[in-house]
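The values are calculated or read from the model by the stated rules, or taken from the named source; none is laboratory data. All figures in this text were calculated on a predicted structure; none of them were measured in a lab. Every residue, glycine among them, receives a Cβ derived from its backbone with ideal geometry; neighbour counts consider all protein chains shown. The area values use the complete protein model at the heavy-atom level, side chains included, leaving out ligands, DNA and RNA. Shrake-Rupley method; radii C 1.70, N 1.55, O 1.52, S 1.80 Å.
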Amino acid sequence: MRNIFIIAANTFREALRNKLLNVLLLFAVIAIASTRFFTIFAPSEEMKIMLDTSLGIIRFIGMLITVFVTGGLLPREMSTLTITTILSKPVSRTQFLLGKFCGALYSIFANMAIMIVILSAILFLKFGAVNPEIFKAFVLIAAEFVVLCAITICLSTVSSEMFSVIFGILIYVIGHLTNYIQYLADRFDSFAMKSLLLSLYTLLPNFENFNIQNAVVLGANVSLQYMGKALVYGAIYTAVMLIIGYLFFAEREV
Amino acid sequence: MIKLKNVSKYYKNVMGVKHFTALDDVSLEVKSGEIFGLLGPNGSGKTTLLRLMLGLIFPSKGKISVLGKSPRDVRSKMKIGYLPEQPYFYNFLNPVELLSFYGSLFGLRSGELKKRIPGLLDRVGLSRFRKMRVRNFSKGMMQRAGLAVSLINDPDLLFLDEPTLGLDPIGTNEVQNFLRVLNREGKTIFLCSHLLSEVEDSCSRIGVMNKGKLIKAGRLDELLVAKNELSVVMRGIREADKEKLSELARQSGAEIVSVSRKKDSLKDFFVRAISGEK
């Protein structure tokens, strides 16, 4: 267990030096801060526009940070052979993979925390209070990133950095369209096509489960039961991805 | 300490057909307290063998036991040190952080690390650079850092892959002396090198690899003995009498200091072994 945290802390330190992530974070902070100026066109909708835009920015930039941090972790270790200096120590492959996963999460959450603090501060300064429902949206966005991180690290156990990043983004986008896949499957008569689409619908993550942005923006209450179901779904999907990733990584020669 | 029995490693293509044999039926034993040198030209399979013994890659056939355990067993690595060829470390760390990181993977606590690290840096000559980031290190300094990392757990068995690569002659000499000191301290050393002088100066037993096969193995002094040839060392012989050496030895009143079997240099032996294979 201790080795997982040691590797995670080292991965986090490494990620802090990633210039691309710093640029993405800076961009997100500027974009969130500038949302308060959009509202001059619709003063009555100020809160909604600010929330909607800011949550969208956090999800989009957070997604990019997640795939860029995670996609390169294993491939870079393998190309520089630093992995041989770790796996020649009493570190199991499970510990290494989980250490890298946790390190990526530290980094993703740290970046997310900065964006959340900026957004909350702006909302507080502008409206004098922050709707606590917004934090439910943050929790589910974080859960979405955990799942995406697990998918990307699973991909990176068998592929290059570029492949992992591209497919990570692709799966994220498709994962938000899975309801359309189900809709399409209903419209096809061909058994083969129907089966293919339904398999995709079942296997791909349904990221819409974590999307409560509209509800929060419109001021609706999101039940704790819904939150719980979404979090359990995320935990199961993450565990499955990590197990598949481990099965590939355990037999991978480094 | 190390036992390899009929170990082969081959790689298959995408169709599952064997298309490259990296190691072919290698059997080898290294005993406790030895400095074993594995020689071979580039691509002969030395590093593959080393990576198999560390569990970084897996054998296609055969059995490997290191410190009585399978290399897949992480517990076997508690008492192993490894210096890779051209070590590359997390370049944002300085040597103290580097050693703390790797030391903590062995379960060493900060108090123990604080005791060990200064001594180790001193031994490998990096004390002056303790605050310098590894990214600014020269090749030789990186090699020294690698050596320190391989010793952080006070291992019983050291795997060194080309340990003097990138070092100047003085650094090379220091490392070779250091290896002898470590051996005297009781550490078993498995050294991979293509530098014959390095192996000849440091090792008690050697193995020679070529094209994935272990073609020779044994004690250095036995392997280098040339059969039916004697080396005669004399003191006081006149220059003019050199031609009739054996006859004149007594006539010129020379003192015969020793008579021993003539030895080849390791270089001659190595070239002969490799060309004999071809």
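To the nearest 100 Å², how much accessible surface do chains A and B cover up together, summed over both, with a 1.4 Å probe? It would help to have the intermediate numbers written out before the result.
Numbers: alone 13040 and 15290 Å², together 25690 Å².
Summing both sides, the interface buries roughly 2600 Å².
Of the candidates A:Phe37, A:Phe210, A:Phe60, which one comes out as most mobile in a Gaussian network treatment of chain A with C-alpha springs shorter than 10 Å?
Highest fluctuation of the listed residues: A:Phe37.
Using a 1.4 Å probe on the protein heavy atoms only, what accessible surface does A:Tyr180 show? Give it in Å² to the nearest 10.
Its accessible surface works out to 140 Å², give or take rounding.
Hey, can you list the residues from the range B:51-92 whose accessible area shrinks by 30 Å² or more with all protein chains present, relative to the chain by itself (probe 1.4 Å, no ligands or nucleic acids)?
Buried-area filter returns B:Arg51, B:Leu56, B:Phe58, B:Arg72, B:Val74, B:Lys77, B:Tyr82, B:Tyr88, B:Tyr90, B:Phe92.
Just B:Arg128, B:Arg75, B:Arg180 to compare: in a GNM of chain B, with alpha carbon springs under 10 Å, which one fluctuates most?
Ranking B:Arg128, B:Arg75, B:Arg180 by mean-square fluctuation puts B:Arg128 first.
Using a 1.4 angstrom probe with every protein chain in place, what is the largest-first accessible-area order of A:Ser190, A:Ser159, B:Ser32?
Working: A:Ser190 55, A:Ser159 20, B:Ser32 85 Å².
My answer, sorted largest first, is B:Ser32, A:Ser190, A:Ser159.
For A:Tyr237, A:Tyr246, B:Tyr10, give me the order by solvent-accessible area with a 1.4 Å probe, most accessible first, ignoring ligands, DNA and RNA. Could the numbers behind the result be given before it?
Numbers: A:Tyr237 35, A:Tyr246 80, B:Tyr10 55 Å².
Largest accessible area first, the list is A:Tyr246, B:Tyr10, A:Tyr237.
Using a 1.4 angstrom probe on the protein heavy atoms only, could you order B:Leu214, B:Leu39 from most to least accessible area? Don't skip to the end; give the middle numbers.
Details: B:Leu214 40, B:Leu39 0 Å².
Of B:Leu214, B:Leu39, the descending order of accessible area is B:Leu214, B:Leu39.
Hey, what number do you get for chain B at 222 nm if only DSSP H runs of n ≥ 4 count, each worth -39500 (n - 2.57), divided across all residues, to the nearest 500? Please report the intermediate quantities before stating the final value.
Working: 9 runs with 91 residues, N = 278.
Using -39500 (n - 2.57) per qualifying helix, the result is -9500 deg cm²/dmol.
What does the C-alpha gyration tensor say about the overall shape of the range A:157-247? Classify as rounded when a/c is under 1.5, otherwise prolate if a/b is larger than b/c, or oblate. Each step should come with its number before you reach the end.
Numbers: a/c = 1.81, a/b = 1.15, b/c = 1.57.
Taking the square roots of the gyration eigenvalues as a ≥ b ≥ c, the range A:157-247 is oblate.
Within a 10 angstrom radius of each residue's Cβ in B:147-154, how many Cβ atoms of other chains show up on average? Whole number is fine. Could you put the intermediate results ahead of the total?
Values: counts 0, 0, 3, 2, 0, 1, 2, 0.
That works out to 1 on average.
Summarise the accessible area of chain A (1.4 Å probe, protein heavy atoms) by the percent that is carbon and sulfur. Show your work: numbers first, answer last.
Details: 8540 of 11680 Å².
Within chain A, the accessible surface is 73 percent carbon and sulfur.
On the accessible surface of chain B, probed at 1.4 Å, how many percent belong to carbon and sulfur atoms?
Numbers: 6830 of 14010 Å².
Percent of accessible area from carbon and sulfur atoms in chain B: 49.
Taking R0 as 30 Å, what FRET efficiency do you get between A:Asn18 and A:Asn179 from their Cβ-Cβ distance, rounded to the nearest 0.05?
Details: r = 34 Å, r/R0 = 1.13.
With R0 = 30 Å, the Cβ-Cβ based efficiency is 0.30.
In the full protein assembly as shown, how much of A:Leu218 is accessible to a 1.4 Å probe, in Å² to the nearest 10?
Accessible surface of A:Leu218 is approximately 130 Å².
Quick check on chain A: helices-only [θ] at 222 nm, where DSSP H runs of length 4 and up contribute -39,500 (n - 2.57) each and the sum goes over total residues. Nearest 500, please.
Values: 12 runs with 204 residues, N = 254.
Estimated from H runs of four or more residues: -27000 deg cm²/dmol.
So for the pair A:Asn131, A:Met193, with labels modelled 7 Å out along Cα→Cβ, what separation do we get in nm?
About 4.1 nm separates the two model spin labels.
Taking springs between alpha-carbon atoms closer than 10 angstrom, which of A:Ser199, A:Ser107, A:Ser156 fluctuates most in the Gaussian network model of chain A?
A:Ser199
Got a number for the accessible area of A:His176? Probe 1.4 Å, square angstrom, nearest 10.
30 Å²
Which FRET efficiency value, to the nearest 0.05, is calculated for B:Ser60 and A:Lys48 with the Förster distance at 56 angstrom and r the Cβ-Cβ distance?
0.35
What percent does the relative contact order of chain B come to when contacts are Cα pairs within less than 8 Å and at least six residues apart? Provide the component values of the computation, followed by the final result.
Details: 494 pairs, mean separation 60.0, N = 278.
Taking the mean separation of contacting Cα pairs over the length of chain B, I get 22 percent.
Which whole-number percent gives the relative contact order of the range A:173-232, counting Cα pairs below 8 Å spaced six or more residues apart?
Numbers: 39 pairs, mean separation 20.3, N = 60.
The normalised contact order for the range A:173-232 reaches 34 percent.
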